[in-house]
Each structure stands twice: as C-alpha cells, then as structure tokens.
Amino acid sequence: MSVDIRSRIDEFLRKHARNGSTQAVAVFDCDGTVIKGDIGEAMFYHQIEQFHFRLNPAALWPDHPRRKELGKAYEKLALLPPEERKRDPAFEPFARMLLDWYVNQIESGQVAKACADIVRLYAGFTRAEVRALAETTFLEELSTPFCQRPLGGRNSKRGVRYLQEAVDLLELLMHNGFDIWAVSGSSKWSVEPVFARLRVPPERVIGIDLEERDGLLTGMSVLPIPIRENKIHALRVHQPRPPVLVASDSRNDIPLFGYSEDLCVLVNSRKRTSEEFFRSGEIPRDDRWIVYEQPTPIMNESTPTHA
C-alpha cells in the first residue's frame with residue numbers, strides 16, 4: 001500500500017471508526033473487486049458442464065430465439081446417463097445456445113436481464129442445494145489456474161483468486177468496527193462463500209436471488225435485481241444507512257459509488273487504465289477516490305492471508 005493511500009485510509013478511519021453503538025457501513029462488490037475472476041459466470045459454466053438442471057431452460061427462457069431447438073437438445077440430454085452427455089452430439093449446440101444467449105444480451109447492454117437469466121436456471125433446486133453447488137464451484141475455481149477452457153464454441157475463463165489489497169482493506173475496516181456488506185450482480189449463493197471466508201455472514205450478502213415456493217426456487221427473480229442503480233435500491237431494502245465507503249472495479253457501479261457519503265475505492269483489476277474509468281464515466285478524480293492499480297492476486301494459498 002502506498003504512503004498516500006495509507007494516509008488517506010488512516011484519515012478516513014479516524015473520521016468513521018466505530019463510535020458508540022453506531023457502525024459505519026462499507027460496501028464491497030465481489031467479482032473483480034474482492035476476487036479476480038467472475039464467480040457468477042463460473043457457476044454458470046459449471047452448471048452447463050455438469051448438466052445441473054431441474055427444469056428445461058427453454059421453459060425458463062421463453063424469449064430465447066432458438067427456444068424449440070434448446071428445448072429438444074435438453075430433452076435428449078436429460079434422458080442420457082450423466083457420463084454420456086458431454087460426448088453426445090447434442091451437448092455442444094446445447095451449451096452454445098445457452099452461452100450465446102447470455103453473451104449476446106451482455107454485449108447488447110441488457111446486463112441485468114442476462115445476469116438474472118442465468119440465475120433463473122436454478123429453478124427447481126432447494127436453496128441448500130444451490131449453496132452446496134456454489135461452495136463446490138468456488139473451491140474448484142480457487143484451485144484452478146487462470147486459464148480458458150472450450151465450452152459451447154467459446155473459451156470460458158476459469159480460476160478465481162482473492163485480491164490482496166481488497167482483502168486487506170476489508171479486514172482493516174472490520175477490525176475498526178465497520179458494518180461490511182457485499183452487493184453483487186452475481187447470484188447471492190455464488191457470492192456467499194467468497195465473503196464467508198472473510199467473516200461476512202450470508203445475511204449481509206446481496207446478490208441476484210430467486211423467489212421460493214414450497215421449499216423450491218422458482219424462475220421468478222427477487223426484485224430489485226442488484227445491477228447498476230438497483231444495487232442502491234437492493235441495499236436499502238436490507239440496510240437503510242448509506243455507506244461511507246464503496247469498493248468496486250466496474251463502471252456498472254458508478255451509481256453505487258455515487259451513493260457513498262465519503263470514500264470511493266476503485267480496484268482497477270481490469271485490462272484498462274483508471275484514466276479510462278474516470279473519463280468514460282465522466283467522473284472527476286478528486287480526493288474522494290482511492291485507486292488500487294492492478295491489485296495483487298493471492299496465488300499461493302486458497303484462502304486470504306487474514307481469513
């Protein structure tokens with residue numbers, strides 16, 4: 001940590017560290033902020049590869065442009081023994097139709113819908129089941145080297161690692177009595193194990209979630225879907241006090257940064273300069289901002305150094 005950043009954080013702590021019964025609120029994004037990688041997308045890839053479905057994706061995605069083909073491919077694969085599915089000719093086009101729909105929506109700017117759509121694929125599971133799948137995915141991704149693996153005609157990015165600077169900051173805030181919240185555009189259950197290792201409980205983790213009926217998740221998203229400005233609305237449902245610190249890596253979180261009453265922490269883990277972030281977002285880089293340029297992945301251990 002540079003001297004300038006440490007000095008700014010020390011000043012911030014003197015101002016906001018716990019005083020009496022009131023805890024100041026700090027909010028962290030997940031993907032690209034606390035971890036390098038995208039745990040929500042990783043869970044999507046694992047779901048496809050392992051064919052973890054209880055309902056036909058064609059029934060959950062009625063607006064898919066190749067819905068009939070998607071439905072038929074699913075029905076064929078669902079009848080096969082698990083060990084034969086990936087070898088069947090129907091598997092590759094099935095995976096491609098799922099991935100293309102997600103990626104095309106992201107690229108067309110329909111980020112909230114794309115992210116909600118892949119979470120809806122867990123309809124029919126219990127909450128305990130998806131949490132177990134999320135834990136398994138996270139452990140596997142922690143042990144996987146950063147790489148790309150072919151899936152559905154695309155190269156899917158694999159591997160996640162904690163980012164040292166974000167972990168250190170979160171631990172420092174927790175030590176000084178801050179109320180830590182995670183707000184992510186990935187599924188709630190995929191983000192929970194990331195923050196559990198940082199001692200942030202699931203009730204302080206906000207992510208895309210599904211309504212529940214008779215003990216099973218449905219295809220209906222819990223609103224608001226925490227993407228862009230709706231991260232603020234989702235946070236207010238659980239925590240009425242505005243944060244005094246927001247940490248994120250993404251331009252999608254510019255509204256959330258604006259909600260911070262004091263410090264904004266840009267974790268610049270993406271392949272761009274921080275100048276691009278401020279320029280494209282038309283944001284003045286004033287003394288409210290701290291920037292961690294190219295944060296350090298924790299490569300030699302599966303859990304953070306302070307967890």
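Within the stretch 27-36, identify whether any single residue is out of contact with any Lys or Arg (no Cβ under 7 Å at 6 or more places or on another chain), surrounded by fewer than 16 Cβ atoms within 10 Å (Cβ to Cβ), in the same structural domain as L170 (by TED's automatic domain parsing) and not acidic (D, E), and answer yes or no.
No, the conditions are met nowhere in the stretch 27-36.
Could you run through the stretch 37-93 and say how many residues are crowded, with 18+ Cβ neighbours inside 10 Å and among the basic types (K, R)?
Here the count works out to 1.
Anything in the stretch 108-131 that is outside any loop (DSSP other than H, G, I, E, B) and under 12 Å from H46 (Cβ atoms)? List them, or say none.
Across the stretch 108-131, the qualifying residues are I118, V130.
Within the stretch 25-40, identify whether any single residue is assigned to a helix (DSSP H, G or I) and under 30 Å from M299 (Cα atoms), and answer yes or no.
yes
Going by the conditions given, is R279 charged (D, E, K, R) and surrounded by 15 or more Cβ atoms within 10 Å (Cβ to Cβ)?
No.
So that you can scan it fast, the table gives a plain yes or no per residue for (1) over 30 Å from A247 (Cβ atoms); (2) part of a helix (DSSP H, G or I); (3) among the basic types (K, R); (4) in contact with a strand residue (DSSP E or B) (Cβ under 6 Å, 6 or more places away or on another chain):
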position	(1), (2), (3), (4)
R6	no, yes, yes, no
D10	no, yes, no, no
L13	no, yes, no, no
M43	no, yes, no, no
R54	yes, no, yes, no
H64	yes, no, no, no
L70	yes, yes, no, no
A73	yes, yes, no, no
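The values are calculated or read from the model by the stated rules, or taken from the named source; none is laboratory data. None of the values given here were measured: they were computed from a predicted structure. Reconstructed Cβ throughout: ideal geometry from the backbone, glycine too, with neighbour counts over all protein chains shown.
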